[in-house]
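The structure under discussion appears below in the form of structure tokens.
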């Protein structure tokens, strides 16, 4: 109060606190965006690692005797995956570059697969090791150019043309 008894107007909250409120607000927005981005990346990476095409491809590669002889055992996945998964008009397509590390060498598992309905089929499934020819694993997942994505089972019968893709009349498509 002033000596005359008049009260001086008190400044508003904003005018008293803007010097710290602005930087804290901006940092809060930036931190929120960074947290959201980290959560999105983590979720996408986790989803890619759980993709059935990738899981089965890693299982096939790590159980293959030629890959084991080349890379050495035990074989472990690296964390620096290269992934691309798309979903267009009911069909999914996936491409993976999965680093593999064994006791003797390191390699890269290349996977290209598509999914129609519930079935994944591979177009590419091979392990590349620097200085050596690629190890093709397509024969480990069935017959034909496009092969069903399933780990090999010892007592499964060999695939027949009837198991593969069909033409528009429902007959086996032999023009792969």
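The values are calculated or read from the model by the stated rules, or taken from the named source; none is laboratory data. Computed from a prediction, not measured in an experiment: that's the story for all the values here. Note that we place each Cβ from the backbone using ideal geometry, even for glycine, and neighbour counts take in every protein chain shown.
Table for the structure above
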item	result
Residue identified as under 30 Å from residue 126 (Cα atoms), out of contact with any strand residue (DSSP E or B) (no Cβ under 9 Å at 6 or more places or on another chain) and assigned to a helix (DSSP H, G or I) among 30, 55	55
Only listed residue being modelled with pLDDT of 60 or more, part of a strand (DSSP E or B) and loosely packed, with under 12 Cβ neighbours inside 10 Å, chosen from 87, 122	87
Residue match in segment 127-137 (condition: modelled with pLDDT under 80 and assigned to a strand (DSSP E or B))	no
Single residue of 45, 96, 36 found to be touching a residue at least 24 places away in the same chain (Cβ under 8 Å), over 24 Å from residue 135 (Cβ atoms) and either touching a strand residue (DSSP E or B) at 6+ places or on another chain (Cβ under 8 Å) or assigned to a helix (DSSP H, G or I) (or both)	45
Evaluation of residue 10 against (1) without any contact (Cβ under 8 Å) to a residue 60 or more places away in the chain; (2) more than 27 Å from residue 93 (Cβ to Cβ); (3) assigned to a helix (DSSP H, G or I) (one fails), failing number	(3)
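Here is a yes/no grid of residues against (1) more than 18 Å from residue 138 (Cβ to Cβ); (2) surrounded by 14 or more Cβ atoms within 10 Å (Cβ to Cβ):
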{"site": "36", "(1), (2)": "yes, no"}
{"site": "46", "(1), (2)": "yes, no"}
{"site": "64", "(1), (2)": "no, yes"}
{"site": "70", "(1), (2)": "no, yes"}
{"site": "77", "(1), (2)": "yes, yes"}
{"site": "82", "(1), (2)": "yes, no"}
{"site": "108", "(1), (2)": "no, yes"}
{"site": "111", "(1), (2)": "no, yes"}
{"site": "115", "(1), (2)": "no, yes"}
